[in-house]
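Below is one structure, written out as C-alpha cells; comments come after it.
What follows draws every value from the coordinates through simple rules; no lab data is involved. Bear in mind the structure is a predicted one, so any value in this text is a computation, not a measurement. Neighbour counts are summed over all protein chains in view; Cβ atoms, including those assigned to glycine, are modelled from backbone coordinates with ideal geometry.
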Amino acid sequence: MVSPILELTNINKSFGHVHANKNINLTINKGTIHGIIGENGAGKSTLMSIVFGLYQANSGTIKVNGKEINLRSPKDSIINGIGMVHQHFMLVENFTVLENIILGFEGELVFGKNLEKAKKDLKDLCDTYKLNIDLNSTISDLSVGFRQRVEILKSLYRGAEILILDEPTGVLTPQEVDELFKILRSLKEEGKTIVLITHKLIEIMDLTSEVSVMRQGEMVGHTKTENTNKEQLAEMMVGRSVLLRLDKSEVKAGEILFSVKNLTVKDDLDVTRVKNVDLEIRSGEILGLAGVTGNGQTELLEALSGIRKVESGEIYLEGKKVSDSQNFLDPRELKDKGLAHVPEDRQRMGLVTDFKAYENLIFGYHDQQPFSKSSVLNHRDIISHSKKIMEEYDVRPQSPNLITSNFSGGNQQKIILSRELNENPKVLLVGQPTRGVDIGAIEFIHQRLIDMRDRGAAILLVSVELDEVLSLSDRIVVMFDGKIVGEKDNKNVTDRELGLLMAGVV
Amino acid sequence: MEFLSDIASLINSTLRISTPLVFAAMAGIFAERSGVIDFSLEGKMLMAAFVAAVGSYFLGNPWLGLLLAIIACVSLSMLHGFASVTYKGDQVVSCVAINILIIGLTTALAAAWFGQAGLTPTLNEDQRFLEVNLPFAESLRDVPIIGTIYSDILSGHYIFVYLAYLSVPLVFWVVFKTSFGLRLRAVGENPSAVDTAGINVFAMRYKALAINGVLIAFAGAHLSTAVNANFFREMSAGRGYLALAAMIFGKWHPKTALVACLLFGFTDALQIRLQGVELPAIGEIPVQLIQAIPYVLTVVLLAGFVGKAIAPNAIGQPYIKER
C-alpha cells in the first residue's frame with residue numbers, strides 16, 4: 001500500500017530575477033527512498049530548503065500526511081517530522097556531538113535531567129541504526145563521514161520521519177558511501193522516508209525506488225527507478241543526449257616530460273604534508289592522482305607549480321632540474337618553460353572573481369604580445385582574443401565584459417582552462433577540474449583534457465572524484481597521508497581497490 | 001607590618017580599579033559570543049556614567065540613576081543591533097558611530113543642562129552610592145592576617161565592586177550550563193546551525209545585546225555615582241577598549257577575562273602606588289616611566305604568555321539567510 005507522505009503543489013520561488021523553482025509538483029511516498037536529480041543550479045537544493053522551512057515559497061502548498069502545513073521556519077518543519085542533512089553540515093565545530101544534537105531541543109533551561117535522558121535516547125538511536133558515534137567527541141575531531149552521521153542522528157533525535165539528504169556523497173570515500181547507504185537502507189526498513197538530492201546517476205540507480213528530475217528550475221519528469229536507466233536520466237537532466245563514457249584512444253606514452261624525485265613539502269603550519277613522493281609523467285599520458293581531500297594533494301600541486309617551497313627532493317621538467325630546496329623557479333618561470341597549472345581552488349587561486357572575464361582570460365599572459373606593448377594593454381586585441389576563445393571553449397554567456405563571479409562554476413572553470421590550454425603547454429597540472437561543474441560542462445572539459453593528451457602533453461590530474469580519475473587517467477596513483485600508497489594501471493583496477501588505498505587500509 | 005598594609009591597600013585598589021573592566025568584559029562576552037563585535041563598550045560606559053549621574057541628581061536616588069543608565073545602554077545596544085543585525089551593516093562602523101555620538105552628546109547635554117562643558121553637578125551623599133562596610137569589619141581589624149584580608153581588602157568597597165565579582169560566576173553559569181548559553185555560543189560560531197535547529201538567529205543576537213547593555217550600565221554607574229560624585233567629559237578614559245582587550249586575552253571566557261581585568265587593574269594600582277616612592281638604591285623613578293608600566297606589561301603578556309586567541313567563528317558577520 002502506497003500513501004503519499006509529502007505532497008508539493010505549484011511551488012514557486014524567486015531570488016531577485018532568478019526564478020529558482022517554477023510550478024513544482026512533487027509527491028513522495030511513505031517508506032521510499034526518492035531521488036531528486038538535476039544539474040547544479042537546477043533548483044533541487046532550493047526546493048528542499050523550502051520543504052525544510054529555510055526559505056519561504058512565493059506560492060504553492062505543502063502537505064504532510066495529507067494535511068496542509070505552513071512552513072515559516074525550520075522549527076515548523078521539524079515539528080512536522082521533516083529533517084534535513086545539508087551539503088555543508090550545520091554543525092558547530094567546537095561543540096561536542098551531544099551539544100550539537102540537543103541545540104534548540106534542550107527541553108530545559110538549566111542542564112540536568114533532560115540532558116541525561118537525551119544521552120540515553122541517543123545511545124538507543126545509535127544502537128538501532130548502528131551509527132557508532134561517541135556523544136562526547138568534539139565535531140572538529142571527527143571525519144567527514146562521522147559528521148554526516150551526527151547530522152543524521154540529529155534529525156532522528158528531533159523526530160524526523162522524512163529525511164532529506166542534499167548531495168550526501170560528494171565528500172565521502174567509496175567505503176564511507178557504502179556505510180551511508182547501509183544506514184539509509186536500514187532507515188527505510190524502519191519505515192522512514194528518504195529524499196536523496198544528487199547529481200550522481202549511479203547513486204540514483206543504486207538506492208532509490210523513485211526518481212524526479214529537475215532542469216533549470218522546473219520538474220521535468222518522474223519515474224520509477226526500475227523503469228529507467230542512466231542514459232535516459234542524463235538526457236532528462238541536461239535536455240540533450242550526453243556521452244557518459246569517454247571515447248579515449250589507446251595511450252601512446254612517449255618520453256618522460258615531468259618527474260618528481262623524493263619530494264617532501266610542508267604546509268603553512270610547518271606540518272609535513274607531502275612525504276618522499278616520486279612521480280613520472282610521460283608525454284601523451286594522463287596520470288591520475290586519487291585520494292581523500294587533505295592527504296597532501298593540495299600541497300603537492302602547489303609545490304609542483306612553484307607556489308610552495310620544496311622542503312627536500314627535486315622536480316624535473318623535460319629532464320632538466322627546475323626546483324629543489326635551494327633553487328626553485330617561480331610560477332612565471334615555470335609557465336615560460338611550458339608548464340601550465342589549473343589550480344584546485346579556482347575562485348581563490350585561478351581567478352580574480354571581481355575582475356571582468358577578459359581580464360581573467362589573459363591573466364599571466366597579459367604582458368605578452370599582442371595583449372600588451374611596452375607595458376600598455378592593447379584593449380582591442382584582448383577583447384577580440386577573448387571573444388574568439390570564449391566561443392571556442394563554449395563559455396556562456398559569451399560576454400568578455402561580464403564580471404567573472406557572475407559566471408556559473410562550470411563556465412568559470414572553462415575560463416581558466418581556455419587560458420591555460422590556449423598556450424599549448426607541454427605539462428599540465430590540473431586540480432579538481434570538474435568540482436561543482438554541470439554534467440554537460442564536465443563532458444566538454446574531459447574531452448579537452450583528452451585532446452591535450454592526444455597532442456602529446458603530459459597531464460597530472462588531481463581529483464577527489466574517483467569516477468573522474470577512473471575515466472580519464474591512463475595510470476593512477478593514490479595518495480594517503482602524504483605518501484604515494486599505490487600505483488595502478490587503469491585497465492585492471494576497480495574503484496573498490498582504489499577506495500581501500502584511499503582509506504589507507506592496505 | 002608597613003609592608004603588609006601596603007600590599008593590602010594595593011589589592012584593595014586593584015579590586016576597585018578592575019570593577020568597571022569586569023562589568024564591561026562580561027558585557028563584551030555576551031555580545032561577541034553571539035557573533036556581534038562590540039567596540040561600543042566605551043561609548044556605552046560613558047553614556048551610563050552620564051545618565052546615572054544626571055538621573056541620580058534629578059531624582060535624588062542613585063538606584064533610579066542606575067535604572068535609567070540600564071535603559072540608556074540597552075537602547076544603545078538595540079541601536080547597534082538594528083544597524084548591524086537587522087540591517088547587516090558593518091559592526092565596527094556601527095560601534096565607532098556610537099562611540100563618537102556619545103562623546104559629543106554627553107558633553108553637549110551637560111553644557112545645555114548645567115552650563116558647564118562636560119561636567120555635571122556634584123552629587124550629595126543621598127544621590128550616590130556609598131562604601132559598604134561588611135559586618136564585624138571594625139571588630140576583626142586587629143586579628144592578624146584574617147583582619148587584614150577581611151577588613152582592609154574585602155570590606156569597604158562600593159556595591160558595584162561586589163556585584164562585579166559576583167557577576168563572573170553567574171556569567172559562567174549562564175554561558176556554559178544553560179540552554180540559553182548553548183544557543184548563545186552556537187549563534188556566534190555557526191548561525192546556520194542555529195537557524196536549522198529552528199531558533200531565530202536575530203532574536204538570539206538581540207537578547208545577547210540586551211544583556212550586554214544591562215551589564216555595561218553598571219560599569220558606567222560605578223564611575224559617576226560611586227568612585228566619583230559627578231560626571232566629567234570622557235570619564236570612561238578608554239576603559240571600554242581595555243575591557244575589550246582583556247576579554248580577548250581571556251579568550252571570550254569569563255574566568256580568564258576576569259584574570260586579565262585584574263591584571264590590568266593591578267598594573268594601574270601599582271602605577272599609582274609607585275609614583276613618588278623612593279626605591280632603595282634606585283631612588284625616585286620618573287613618573288613617566290611608572291605610568292608606562294601597565295602598557296609595557298600588556299605588550300609583554302600579549303607577546304609572550306597569551307596563546308593564540310580564537311574568536312567565535314562567525315564574529316563580525318551579519319547572518320544572511322537567502323542568497
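Other residues whose C-beta falls under 13 angstrom from the C-beta of B:A48 contribute a net charge of +1, scoring Lys and Arg +1 and Asp and Glu -1. Near B:L21: Cβ cut-off under 15 Å, other residues only, Lys/Arg at +1 and Asp/Glu at -1. The net charge is +1.
Would you mind calculating the relative contact order of segment A:256-502 from Cα pairs under 8 angstrom and at least 6 residues apart, reporting the percent as a whole number? About 28 percent, as a whole number. Of the residues B:G35, B:I272, B:N133, the one whose Cα sits farthest towards the positive end of the charge dipole of chain B is B:G35 (charges of +1 on Lys and Arg Cβ, -1 on Asp and Glu Cβ, taken about the Cα centre). For segment A:447-471, the residues whose backbone nitrogen is under 18 Å from a point 7 Å from the Cα of A:S249, taken along Cα to Cβ, are A:447-459. Computed from Cα atoms, the angle from the helix A:409-421 axis to the main principal axis of chain A rounds to 10 degrees.
Exposure proxy ranking for A:V395, A:V427, B:V132, A:V251, based on other Cβ atoms within 10 angstrom of each Cβ and starting from the fewest, stands as B:V132, A:V251, A:V427, A:V395. Averaging the sequence gap over all C-alpha pairs within less than 8 Å and six or more residues apart, then dividing by the number of residues, gives chain B a relative contact order of 34 percent. A simple spin-label model places the labels of A:V376 and A:N40 4.0 nm from each other, with each point 7 Å out along Cα-to-Cβ. With neighbour counts taken as other beta-carbon atoms within 10 Å, the residues B:S56, A:S386, A:S241, A:S73 rank, fewest first, as A:S241, A:S73, A:S386, B:S56.
In percent, rounded to a whole number, the relative contact order of chain A is 15, using alpha-carbon pairs under 8 Å and six or more apart.
Computed over chain A, the per-residue total of -39500 (n - 2.57) for DSSP H runs of n ≥ 4 gives a 222 nm mean residue ellipticity of -9500 deg cm²/dmol, rounded to 500.
Exposure proxy shown here: for A:C126, B:C95, B:C73, the number of other Cβ atoms within 10 Å sets the order, fewest to most, as A:C126, B:C95, B:C73. Computed about its Cα centre, the charge dipole of segment A:256-502 is approximately 500 debye, with only Lys, Arg, Asp and Glu carrying charge at their Cβ. Full extension of the segment from A:I256 to A:D489, taken as 0.36 nm per residue of separation minus the current Cα-Cα distance, would add 82.2 nm. In this calculation the C-beta distance from A:M205 to A:E108 is compared with R0 = 41 Å, giving a FRET efficiency of 0.35. Compute the label zone of A:D76 within segment A:1-36: residues whose backbone N is under 20 Å from the point 7 Å along Cα-to-Cβ. Only A:5-16, A:20-28 fall inside the zone, counting backbone N under 20 Å. Computed from label points 7 Å out along Cα-Cβ, the spacing between B:V93 and A:D178 is 5.5 nm. Rounded to the nearest 10 degrees, the inclination of helix A:144-157 to the longest alpha-carbon principal axis of chain A is 20 degrees.
In chain B, the calculated helix contribution to ellipticity at 222 nm averages -21000 deg cm²/dmol per residue, counting -39,500 (n - 2.57) for every DSSP H run with n ≥ 4.
Multiplying the residue separation of B:I149 and B:T122 by 0.36 nm and subtracting their alpha-carbon distance yields 6.5 nm.
Under a model in which nothing but the beta-carbon of Lys, Arg (+1) and Asp, Glu (-1) is charged, segment A:4-238 shows a dipole of about 540 debye around its Cα centre. Simple rule: put +1 on each Lys or Arg Cβ and -1 on each Asp or Glu Cβ in segment B:166-264, find the dipole, and look at B:W173, B:P254, B:F202; the Cα lying farthest toward the positive end is B:W173. Beta bridges from DSSP with both residues in the protein assembly as shown: antiparallel share about 60 percent, rounded to the nearest 5. Distance from the alpha carbon centroid of segment A:160-233 to that of segment A:256-308 works out to 35 angstrom. Calculated FRET efficiency, B:S9 to B:K321, Cβ-Cβ distance, R0 = 56 Å: about 0.50 to the nearest 0.05. Simple spin-label estimate for A:V2 and A:N58 gives 3.2 nm between the two label positions (7 Å along the Cα-to-Cβ direction from each Cα). Can you give the angle from 0 to 90° between the axis of helix A:113-128 and the longest principal axis of chain A, with both taken from C-alpha atoms, to the nearest 10? For A:113-128 against chain A, the angle is about 70 degrees. Can you give me the Cα centroid spacing of segment B:253-307 and segment A:30-67 in angstrom? Taking the Cα centre of each part, segment B:253-307 and segment A:30-67 sit 61 Å apart.
A Cβ-based charge dipole, computed about the Cα centre of chain A with Lys and Arg at +1 and Asp and Glu at -1, lands at about 840 debye. Computing FRET efficiency as 1/(1 + (r/R0)^6) for A:V220 and A:K30, where r is the C-beta to C-beta distance and R0 is 22 Å, gives about 0.35. Here segment A:4-238 carries DSSP beta bridges of which approximately 55% are antiparallel, counting only pairs with both residues inside.
State the Cα centre-to-centre distance between segment B:41-112 and segment A:468-499 in whole Å. Segment B:41-112 and segment A:468-499 have Cα centres separated by 64 Å.
With a cut-off of 13 Å between beta carbons, the residues surrounding A:I382 carry a summed charge of +3, where Lys and Arg count +1 and Asp and Glu -1.
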